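Below: the structure, in structure tokens.
The values are calculated or read from the model by the stated rules, or taken from the named source; none is laboratory data. Bear in mind the structure is a predicted one, so any value in this text is a computation, not a measurement. Every residue, glycine as well, gets a Cβ built from its backbone with ideal geometry; the counts of neighbours run over all protein chains shown. Ligands, DNA and RNA are stripped out before the accessible areas are found, and what is left, the full protein with its side chains, is counted by its heavy atoms. Shrake-Rupley method; radii C 1.70, N 1.55, O 1.52, S 1.80 Å.
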Amino acid sequence: VMGGITDLLRAAQLDIEVSFIGEELQVPIGRQLDSEAMVGQDRLLNASAAFDIFQQACVIIDAGTAVTVDFVDGKGTFHGGAIAPGSQMQLDGLHHHTALLPDTIFAAPDNGPFGANTTQAMLHGVFYGIRGMVRHLIERYAEAYQAYPAVIATGGDAHVLFDDDELIERIDDELTLRGIAAAGRMALEQI
């Protein structure tokens, strides 16, 4: 795929052949972006897979190292979206850039309305901050599109963040792989 994963895979001692999918693989999705825009293949693959699943306008949330919230219109055109620090990155930033906040591993906060200790306060801030950002962006995209899109989430923190969120229609742990499969099918059809 790309990014830090590429470096990790190259450094790993694997007994299997590793293939990389770079920008030369055409992802089967249109794009309406600024001419100088650089978009990660993972975002395009997720968008392609989400549109393939829903066949309508959709919002794609990838909750991993970063949180991306992207929009695809009803014609299958990727419009971009938003990128924010992921949950662990936010917690790490709080720990490393303040004097007294503890090193905390991301998890769902306690159910109470208040973080009754420092760690729970940090978890509440990150958890509800990400959920609030996602909710606001979905509403913003729906207003701009003048219709409510389907919403799908993926990524390592998707279940913790969105399992009980009524706005999220589906969590798909294999969304990027579905996008790779769609791009591979398209490449084979062109041979």
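Hey, how many Å between the Cα centroid of segment 69-89 and the Cα centroid of segment 42-68?
7
Specify the inter-centroid distance of segment 123-191 and segment 93-108, based on alpha-carbon positions, in whole Å.
Measuring centre to centre over Cα atoms gives 26 Å.
Leaving out ligands and nucleic acids, and using a 1.4 Å probe, what accessible area per residue does the chain come to in Å²? The partial results should precede the final answer.
On the way: 10940 Å² over 191 residues.
Ligands and nucleic acids excluded, the result is 57 Å² per residue.
Which residue, I83, I171, I130, tops the fluctuation ranking in a GNM of the chain built on C-alpha contacts under 10 Å?
Most flexible of the set in this elastic network: I83.
Where the accessible area of the chain is counted over protein heavy atoms with a 1.4 Å probe, how much of it, in %, is carbon and sulfur?
Its accessible area is 53 percent carbon and sulfur atoms.
Report the residue, chosen from S87, S35, S48, that carries the largest GNM mean-square fluctuation when the chain is represented by alpha-carbon nodes joined by springs under 10 Å.
In this elastic network of the chain, the residue with the biggest mean-square fluctuation among S87, S35, S48 is S35.
For the chain, which span is the longest to avoid every loop-located (per DSSP) member of GluC sites (Glu not before Pro) having at most 11 other Cβ atoms inside 10 Å? Spell out each step's value before the answer.
Details: sites that count: E17, E24, E36, E166, E174.
It runs 37-165.
I need the calculated FRET efficiency for the pair D103 and Y145, taking r as the beta carbon distance and R₀ as 35 Å, to the nearest 0.05.
0.30
Pop a pseudo-label 7 angstrom from the Cα along the beta-carbon direction at both H136 and K75 and give the gap in nm to one decimal.
Each label point lies 7 Å from its Cα, and together they span 3.1 nm.
Dividing the Cα radius of gyration by the Kirkwood radius, what Rg/Rh value follows for segment 67-174?
Checking Rg against Rh, the ratio lands at 1.02.
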